[in-house]
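Chemist: Got a structure for you, questions after.
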Amino acid sequence: MSRKNTRMYGPNKFKLGLFGQNCSGGLSMSKVLERWDASWDHNLEAAKLADEAGLEFILPIGRWHGYKGETDTEGTTFETLTWASGLLAATKNVCVFGTVHVGFLSPIFAAKQMVTADHIGKGRFGLNMVSGWNAGEHAMFGVDLRPQEERYDFTEEWVTILKRVWSEDEPFDFKGKYFDLEGVLLKPKPWGVDRPMLVSAGNSPAGKAFAARHADCLFTSIMEFKDFGASVQALRDSSKAENVGVFASGHMVTKPTTKEAEEYYHHLVYEMGDWEAGEHAATIRTKGRDTPLKQLTTLTERMISGVGTYPVIGSYDDVVEQYRKMSECGVDGIAIGLVNYITDFPVLRDEILPRMERLGLRLPVSES
């Protein structure tokens, strides 16, 4: 089996992944009793459910501080490279990403950690590169938060070293603005004949330019759906990668009927939502940042329901219709948060996936 035979390169027209399950609360800042408990056992069970159902990937969030309030969503998290290694050892086909803040970790040390995970998963490991935005997290590491454009200059050197150390067989020296390295050599190389998939989700102009140069897969935000198709095409056109993947990020709230889904969403956000945490999250996610989130009039609500990701809300048919429209806009798939990644999963598996198959968005798991 080669890396190109893994599910991320598979035949499904619209791919699906779980997003944020390594964090307490997942993507939800709600006090509902069913909110996500991100214990290791729960993470393992959710990963096995995703693997068996044919989902393509699991994407974690790299977080070191939570969002405060009563829920403190993402205040308790698993470090993503060791977490990915454990999940890859326990699954067979699903791809698992690690999310790394490049300013917190040496590219040489990170390269070795990721090669280890890649061999455990036989090519199913991928890297989500984060340049960083959270000043409090940087202060905890004693690392200065660089100006936004300079962050990507740093990441450019970091990932250039990563790619070289994964591919070159002879020791090399590297002297740049941020790194001065001698005799760099890494063994073993990544599993198979190529390197892990690289993912980036930068939304600023500098972030998008960096992703276009280095990422195999681009994650983009959906603010308002009416302009989404044009933004997806522009993002795809900007990429230097051959057959670049473009994915959205969202959270799904679905029930048998539209009315039931809307009522549960109202309960989740307006009756049980942690508004203190939501307002704190809205402030720190937009302060001093060039981010599309600033455009949202419902920013705090979206923070509470899904940490700023796109809400996919409605009946089973409504949800699948939204995925169909995303596919028509040129998106290859979506990473989704669930209120509870275990108890909500049967609906995804037994109601959403079959409807997607009937629309030609996915194949049965036996064929994918």
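The values are calculated or read from the model by the stated rules, or taken from the named source; none is laboratory data. Being a predicted model, the structure only gives us computed values, none of them experimental. SASA here: full protein model, heavy atoms, side chains in, ligands and nucleic acids out. Shrake-Rupley method; radii C 1.70, N 1.55, O 1.52, S 1.80 Å.
Chemist: In whole percent, and with a 1.4 Å probe on the protein chains, what portion of the accessible area of the range 147-254 is carbon and sulfur?
Modeler: Values: 2530 of 5030 Å².
The value for the range 147-254 is 50 percent carbon and sulfur by accessible area.
Chemist: Between SER30 and residues 5 or more places away or on another chain, which pairs have amide H atoms under 5 Å apart, with H built 1.01 Å from N, and which residues are they?
Modeler: ASP274
Chemist: Counting heavy atoms of the protein chains only and a 1.4 Å probe, report the per residue accessible area for the chain as a whole number of Å².
Modeler: 42
Chemist: Gaussian network model of the chain, Cα springs within a sub-10 Å range: biggest mean-square fluctuation belongs to which of SER231, SER327, SER239?
Modeler: Judging by the Gaussian network model, the answer is SER231.
Chemist: Also: If you take the C-alpha gyration tensor of the range 87-185, multiply each eigenvalue by 5 and take the square root, what semi-axes do you get, largest first, in whole Å?
Modeler: Listed largest to smallest, the semi-axes of the range 87-185 are 25, 20, 10 Å.
Chemist: So, one more: What is the diffusion coefficient of the chain in µm²/s, taking the Kirkwood radius over Cα pairs and the Stokes-Einstein relation at 37 °C with a viscosity of 0.692 mPa s?
Modeler: Result for D is 158 µm²/s.
Chemist: Give the Rg (one decimal place) followed by the Dmax (whole number) of the range 295-368, computed from C-alpha coordinates and expressed in Å.
Modeler: Gyration radius and largest Cα-Cα distance of the range 295-368: 13.6, 43 Å.
Chemist: Under 17 Å from the Cα of LYS189, which aspartates and glutamates turn up, not counting those fewer than eight places away in the same chain?
Modeler: Once the sequence-local aspartates and glutamates are set aside, what remains near LYS189 is ASP118, GLU168, ASP169, GLU170.
Chemist: Hey, another quick one. For the range 1-139, what % of the accessible area comes from carbon and sulfur atoms, probe 1.4 Å?
Modeler: 55
Chemist: For the range 203-272, just the Cα set please: Rg and Dmax, both in angstrom.
Modeler: Looking at the range 203-272, its Cα Rg and Dmax stand at 16.6, 47 Å.
Chemist: If you wrap a convex hull around the C-alpha atoms of the range 1-134 and split its volume per residue, what is the figure in Å³?
Modeler: Output value, Cα hull per residue: 115 Å³.
Chemist: Here is a follow-up. I want the antiparallel fraction of DSSP beta bridges within the chain, as a percent rounded to 5.
Modeler: Here the share of antiparallel DSSP bridges comes out near 10 percent.
Chemist: Across the range 30-124, how many lysine pairs separated by 8 or more positions, or lying on different chains, have Cα atoms within less than 25 Å?
Modeler: Values: LYS31/LYS68; LYS48/LYS92; LYS48/LYS122; LYS92/LYS112; LYS92/LYS122; LYS112/LYS122.
Taking the Cα cut-off of 25 Å, the pair count is 6.
Chemist: Based on the alpha-carbon set only, what is the convex hull volume of the range 251-355 divided per residue, in Å³?
Modeler: Taking only Cα atoms, the range 251-355 has a hull volume of 114 Å³ per residue.
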